[in-house]
Amino acid sequence: MSYHNGEHAVHEFERHPRDGERVLDAATGWVGIIDGQEVLRSTWSDKVVDRRVWLIPPGGGHQWPADPGQLSPAPDAT
């Protein structure tokens, strides 16, 4: 990825500090389990310019990306 000033960024996939935690994604209303994160890091400054957390449904299924700011602890399963 390249920005208007010529700066480049690279995607990295890594563990999330809360891997395995059950959370509610406010953007979708879905409950998921944190399954890693995708980090977009500047090649010039090595600073993180964007981050997406990957979630997977509790019973299995397709992963989806979520904004970390939209995640909160999920209510207890009933």
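Here the simple spin-label model places points 7 Å from the Cα toward Cβ, and for Glu21 and Asp76 these points are separated by 1.9 nm.
Pairwise Cα distances in the chain exceed 21 Å for 34 percent of all pairs. Once the chain from Asp50 to Thr28 is taken as fully extended at 0.36 nm per residue, the excess over their C-alpha distance is 6.0 nm.
All of the numbers you see were taken from the coordinates with simple rules; none came from a lab. Since the structure is predicted, the reported quantities are computational estimates derived from the model, not experimental observations. Because the Cβ atoms are built from the backbone with ideal geometry, glycine has one as well, and the counts that use them run over all protein chains shown.
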